[in-house]
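Asks: Can you read through this structure? Questions will come right after.
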Amino acid sequence: MGRSENHIRPGGSPVLRIEGTATVPDQWRYPRHLDALAAAAGTAVGPEADAVAAVLRDRDPVMAESAVVTHLGRRAPRLLTDPGFPDWARAMGAAIGARAFPARRLREWTLLKAITDGGPWSAAELTVASDWCQLTAVQSLSSFEALDLLATAGRTRRVRNTAAQRLGHRSRPGLPTLPKLRG
């Protein structure tokens with residue numbers, strides 16, 4: 001059923017001791033982590049990486065990783081066109097370490113950055129990327145090469161169809177392109 005520390009205490013909600021004396025109910029830790037990460041995002045890369053590392057030390061690893069991935073999802077799109085993205089990604093990678101889910105999401109943001117900048121990327125890397133990454137790519141990228149690849153080799157029908165629509169043709173090879181109606 002779970003460990004006793006995860007059960008609600010009589011007469012109240014579960015609590016966590018933070019910094020010795022403050023107590024924070026479990027359900028408030030996630031938004032507090034997000035607030036701390038957002039505040040650190042406005043600073044230099046080092047304090048932001050330190051904040052990510054601090055969140056990942058939380059006793060609930062699933063919640064902590066979810067908060068970090070949410071932070072990456074909020075921060076990375078703003079940095080895709082920023083020349084500071086590589087430094088940020090290296091610092092985040094060092095803070096994340098070997099945690100599989102946040103590390104994969106960071107790799108996928110790095111792939112999206114390479115495609116955005118016209119840098120080196122491989123078709124194999126994009127075709128084995130997660131459904132999330134492929135859908136994000138077809139909704140936000142303007143690379144004809146990436147969209148064309150995903151229109152034919154995307155993991156899901158939704159990815160293939162969205163890519164095909166962005167390219168202006170049907171997703172199945174061999175089908176005629178329908179003329180656009182005017183009016």
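Asks: Sum up the charges of everything whose Cβ sits under 9 Å from the Cβ of Val68, counting Lys and Arg as +1 and Asp and Glu as -1, but leave Val68 out.
Replies: Charge balance near Val68 sits at +1.
Asks: How large is the convex hull of the C-alpha atoms of segment 36-175 per residue, in Å³?
Replies: Cα-based convex hull of segment 36-175, divided per residue, equals 104 Å³.
Asks: Please list 3J(HN,Hα) in residue order for segment 112-126, calculated via the Karplus relation 6.51 cos²θ - 1.76 cosθ + 1.60 where θ = phi - 60°; whole Hz, with x for glycine and proline.
Replies: For segment 112-126, the Karplus curve yields 4, 5, 4, 5, 4, 7, x, x, x, 7, 10, 4, 4, 5, 6 Hz.
Asks: Let me check I've understood the local charge: for Leu56, count other residues with C-beta under 14 angstrom from its C-beta, Lys and Arg +1, Asp and Glu -1. What total comes out?
Replies: Neighbourhood net charge equals 0.
Where a number appears in this text, it was derived from the coordinates with a stated rule and is not lab data. Note that the coordinates shown come from a computational prediction; the quantities given were computed from them, not determined experimentally. No Cβ is skipped: glycine too gets one built from the backbone with ideal geometry, and neighbour counts run over all protein chains shown.
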